[in-house]
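Q: Here you go, one structure.
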Amino acid sequence: MVEKVCFSIFLCLSASLIITIHFPEVNGARRQPQDNKLILNGPEKLFVFGDSYADTGNWPPTDASKPWRKPYGMTFPGKPSGRWSDGRVLPDYIAEYLGIGSPQPYRLWKGDGEAKQYGMNFAYGGAGVFDTFEGCPNMTTQINYLQQLLQQNAYTKHDLTSSVALVTSVGNDYGNYHGHIHQGMEEFVESITEQLSVNLKRIHEMGVPKVAVTAMQPLGCLPAVTFSTGNYPNCDENTNNITRFHNQMLKQRVDKLNDQTEGSPFVILDLYAAFTSALNIKHDQHPGKSSFPYPLAPCCLGNCGLVDVSGKKEYGLCDDPKMAFFWDMTHPSQQGWFAVYSALKSSLPHLFHPQQALLRQFNGQNDNKRLKMLMNIE
């Protein structure tokens, strides 16, 4: 019953570079060059809150759990890892940008020190700002988990002051909205963005200097929506209008928070612009020429990851996930996430303190060869 609710249209929403990035092992430690922090001088930990766009393994690994079934994880790490994709997702790329390993999922926390080396990921597929379905921790609950770890002395004040937070909110609340699309939606958007504002402020007041929150991706471009219009030809303008209104309200809330808080600690990562840039979406909501031959079509079509009682797959798979922006009906592929990350890179220096951002930019321009070596970049 939970699966049926979770996999409605939005509910489990949890420019490529010329360099190749060597990522750390899933949830594992990697060797850090001794002078990496000297050069990057950035955050040492990443705390992640949100949904399936950020979940790296918090969804329980049961037989009925899609992200723990093949073909999920086929690109990275080569088997299902609890990520809602064929490979890496947004926090993996953000962590690599910061020069740290991907933070371990909260589900794996066992009270030892090693698990918290790079921070903690509390994101849970299907979660929303408010309650979505039974047993799914909403964003407030996820922040409570961090508060509990502080009370247990699992993290120190220094751990938080040398960290950054990533918050994703990509549509599960709207998938759980039961009102008429034109009745009460404005008030609903306002309530979601208001609670998001409360959550962001709380995270910062706990001691995290920089808190990044995603603007919502164009919901009307998801295969789950475009499929209903026939063979994924165009994005749905009406659905995207809701997304744009949400993002407008979110920007107003974040601007207000920054006006009221010293240092402008809150940063918006514009998934809407990043998705439309990667897909080359035109004003008529039609995708233009991009690196993806069929931009709005998923690689894994159907009930991805599921098989019937006879063992027959309930899905079809494309020949090469690298050629698809979307992995399934709602989530980007690893290549899709890389394209989004590439489009977001100009915003990521804001995750550093101003002095750190300036130093990082200087090193990127004037000591690029050494920086690549330190970041394990070919």
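Derivation of every value follows stated rules applied to the coordinates shown; laboratory data play no part. Source: prediction; values computed, not measured. Positions of Cβ are backbone-derived with ideal geometry, glycine not excepted, and every protein chain shown enters the neighbour counts.
Q: Mind ordering 83-92, 218-227, 123-132 by average Cβ neighbours within 10 Å, highest first? Provide the component values of the computation, followed by the final result.
A: On the way: 83-92: 28.4, 218-227: 23.2, 123-132: 25.2.
In decreasing order of mean packing, 83-92, 218-227, 123-132 become 83-92, 123-132, 218-227.
Q: Arranged from highest to lowest average of other beta-carbon atoms within 10 Å per residue, in what order do the peptides 305-316, 162-173 appear? Intermediate results must be reported in sequence, preceding the final value.
A: On the way: 305-316: 11.3, 162-173: 26.6.
Highest mean packing first, the order is 162-173, 305-316.
Q: Would you order Phe275, Phe338 from fewest to most other beta-carbon atoms within 10 Å of each residue's own beta-carbon? Intermediate results must be reported in sequence, preceding the final value.
A: On the way: Phe275 26, Phe338 21.
The order, fewest Cβ neighbours first, is Phe338, Phe275.
Q: Give me the percent of DSSP beta bridges within region 171-325 that run antiparallel, rounded to the nearest 5. Working shown, then result.
A: Working: 5 of 10 bridges.
Around 50 percent antiparallel, to the nearest 5.
Q: A further question on this structure: Take the cross-link list Lys45/Lys201; Lys116/Lys313; Lys116/Lys210 and give me the ones stretching past 27 Å between alpha-carbons.
A: As for pairs spanning more than 27 Å Cα to Cα, those are Lys116/Lys313.
Q: Could you order peptides 252-264, 46-58 by the average number of other Cβ atoms within 10 Å of their residues, highest first?
A: Numbers: 252-264: 13.6, 46-58: 28.1.
The packing order, highest mean first, is 46-58, 252-264.
Q: Here's something else I'd like to know. Excluding Lys251 itself, what net charge comes from residues whose Cβ is under 14 Å from its Cβ, given Lys and Arg +1 and Asp and Glu -1? Don't skip to the answer; put the middle values down first.
A: On the way: positive: Arg244, Arg253, Lys256; negative: Glu190, Glu194, Asp255, Asp259, Asp270.
Around Lys251, the charge tally is -2.
Q: Quick one: net charge of Cys299's neighbours, Cβ under 12 Å, K/R +1, D/E -1?
A: -3
Q: May I pose another question? Neighbour counts of other C-beta atoms within 10 Å: give me Phe266, Phe188, Phe325, Phe292 arranged from fewest to most. Can you show the working numbers first?
A: Numbers: Phe266 24, Phe188 17, Phe325 28, Phe292 21.
Placing the least packed residue first, the sequence is Phe188, Phe292, Phe266, Phe325.
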